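What follows is a set of notes on a single structure, which appears directly below.
No lab work stands behind these numbers, since they all come straight from the coordinates. Bear in mind the structure is a predicted one, so any value in this text is a computation, not a measurement. Note that each Cβ is placed from the backbone with ideal geometry, even for glycine, and that neighbours are counted across all protein chains shown.
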Amino acid sequence: MEDESGLDSPSNVKLLTFAEMADELCPYYMSMGVPYNEYWHGDYTQLKFYTEAYRLQLEHENYSAWLQGAYVYEAVCAVSPILHAFAKSGTRPLPYLKEAYGMKADKTNAGATEAKTEKEIQEIQALNASAKFASFMTQWNKRFESEGGGASGTDD
Amino acid sequence: MTQTTMDFEYNGKEYSLAYTINVLKRLDKSGLLAAIANGERPLTMTEDLFAAAFEANHSNVSNRIREEIFRELEDVSEDGSLLECLLEMINEVREEMSPKGNAKWRMSRG
């Protein structure tokens, strides 16, 4: 029975010398933006930063592609009411997004932080507390007056 | 992180020896790296590696001066022997240039 792991079969691993490995890796790193001279004669410790930068760039590109797909999806959804053959006459497409994704949320967040500083918030809280206290006192006094009035009536 | 260098002063001049990928490729082509990898220890191995390390930052220094400096260097160092340091520098180049994947791994020693 043949071993599935392939340990008994002759190895297909290609043994590279350093020179061969360096030659093979040169285009690999050049595709990540490493200049030819930098690769052969420069500081090799920078290679990992190029690799990381390239990974981030791919991530951004992937996100952009996803975002574009999302916008296309929104657009198709918006016109979908008039896209089918049996749409009633007078059917109109839904309006497309007014703003790009994330813009509204950013604006509201920015507005909230702009509107109130910490001191202003403290002042508002103090005003609220004094207003609550004043209303409580008014109610208390009213109750006292009505109870006092009743009591004086019975005393007489 | 910057590359590991071997720094010293000789005759009032500062030297900073390092390897580049190009220098190591040339060393490999000469057969020296393969010999070392096979466990061989050529007589002039240390001197050849030392002389090659000038190529990165001091390529204009003549072979005669390189030999002179090599003979003058003290054999003992707190970082290990000269050969050990040079081999460490070579290994660093190989490690840094090898592409790495994203899968995390670790050793569990009992």
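Taking each residue in B:14-25, count the Cβ atoms of any other chain within 10 Å of its Cβ, then average. What number comes out?
Partner Cβ neighbours, averaged per residue: 4.
Panel order for B:28, A:8, B:48, by other beta carbons found within 10 Å of each beta carbon, from fewest to most: A:8, B:48, B:28.
So what's the angle, to the nearest 10 degrees on a 0 to 90 scale, between helix B:82-97 and the longest Cα principal axis of chain B? The angle comes out at about 50 degrees.
Peptide B:94-101 shows a mean partner chain C-beta count of 4 within 10 Å per residue C-beta. With 25 Å as the limit on Cα-Cα distance, the pairs of A:14/B:25; A:14/B:29; A:98/A:119; A:119/A:142; A:14/B:100 that go past it are A:98/A:119; A:119/A:142.
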